1. Can you name the condition, by its number, that I86 falls short on among (1) more than 30 Å from I4 (Cα to Cα); (2) touching a helix residue (DSSP H, G or I) at 6+ places or on another chain (Cβ under 6 Å); (3) of a type outside the set (S, T, N, Q)?
2. Given the condition under 27 Å from L138 (Cβ atoms) and touching a residue at least 60 places away in the same chain (Cβ under 8 Å), answer yes or no: does some residue in segment 42-63 qualify?
3. Might you check whether a residue that is out of contact with any helix residue (DSSP H, G or I) (no Cβ under 7 Å at 6 or more places or on another chain), of a type in the set (S, T, Y) and within 30 Å of T120 (Cβ to Cβ) occurs anywhere in segment 13-31?
4. Residues in segment 48-76 that are exposed (fewer than 14 other Cβ atoms within 10 Å of the Cβ), hydrophobic (A, V, I, L, M, F, W, C) and not in a strand (DSSP E or B): how many?
5. For segment 174-182, indicate whether the set of residues that are hydrophobic (A, V, I, L, M, F, W, C) and touching a strand residue (DSSP E or B) at 6+ places or on another chain (Cβ under 7 Å) is non-empty.
6. Identify, please: which residue in segment 154-173 is of a type in the set (V, I, T) and touching a strand residue (DSSP E or B) at 6+ places or on another chain (Cβ under 7 Å) and is, among those, surrounded by the most Cβ atoms within 10 Å (Cβ to Cβ)?
7. Does E16 satisfy the criteria of being in contact (Cβ under 8 Å) with a residue 24 or more places away in the chain, within 29 Å of I149 (Cα to Cα) and of a type in the set (D, E)?
8. Filter segment 139-174 down to residues that are more than 21 Å from L108 (Cα to Cα) and part of a loop (DSSP other than H, G, I, E, B), then give me how many there are.
Amino acid sequence: MSRIGNKPVVLPAKVEVTVSKNNDVVVKGPKGSLTRAIDKDISVSVENGILSVTRPTEQKRHKALHGLYRSLINNMVHGVSEGYKIDLELVGVGYKATANANILELSLGYSHAIFFSLPTEVSVKAVTDKGKNPIVTLESSDKELIGQISAKIRSLRKVEPYKGKGVRFVNEVVRRKAGKTAAK
């Protein structure tokens, strides 16, 4: 029994879902449109504003795909109706971020500035308040894409455990280590 796969997806009022003959699901809403190809064994049906995903057999592969595609479709529905937002914080002396159109310029303690080009589906905003760490805000309707981009930005300067410097999510807890002086 798949608990996640059997849950129906309730569609908000302004969201429209269409399933093509070759099992492509298109979700349209106020924040945009998303498309995903679904495995041919999994069937998707929409009735009275409720989307349901069903599997043909109890095979392990079908059970796994059942829950996966239900979650992916649910993320698409949430994305086109409300959208996703990720806040990244730059912790370190001299760390800066500026956003021009879809290019993010980062100064992360290296000898050069890093120019990060973002896809058109993602909007970026950089805020630097005096006395606070710079905050980079990413917004998109595609959860998978925004997660991938935020992970790539984090990988440019990973958070180190001694001073806590680096790129991290806002409100992320970093486990700190004691330095060499703790051994004495």
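1. Failed condition: (1).
2. For segment 42-63, residues under 27 Å from L138 (Cβ atoms) and touching a residue at least 60 places away in the same chain (Cβ under 8 Å): absent.
3. Checked segment 13-31: at least one residue is out of contact with any helix residue (DSSP H, G or I) (no Cβ under 7 Å at 6 or more places or on another chain), of a type in the set (S, T, Y) and within 30 Å of T120 (Cβ to Cβ).
4. Of the residues in segment 48-76, 1 are exposed (fewer than 14 other Cβ atoms within 10 Å of the Cβ), hydrophobic (A, V, I, L, M, F, W, C) and not in a strand (DSSP E or B).
5. yes
6. Across segment 154-173, the extreme among qualifying residues is V167.
7. So E16 does not fit the description; no.
8. Count: 2.
Just so you know, all these numbers are worked out from the coordinates, no wet-lab data involved. Quick caveat, the model's predicted, so the values are computed rather than measured. Don't worry about glycine lacking a Cβ; one is built from the backbone with ideal geometry, like all the others, and counts go over all protein chains shown.
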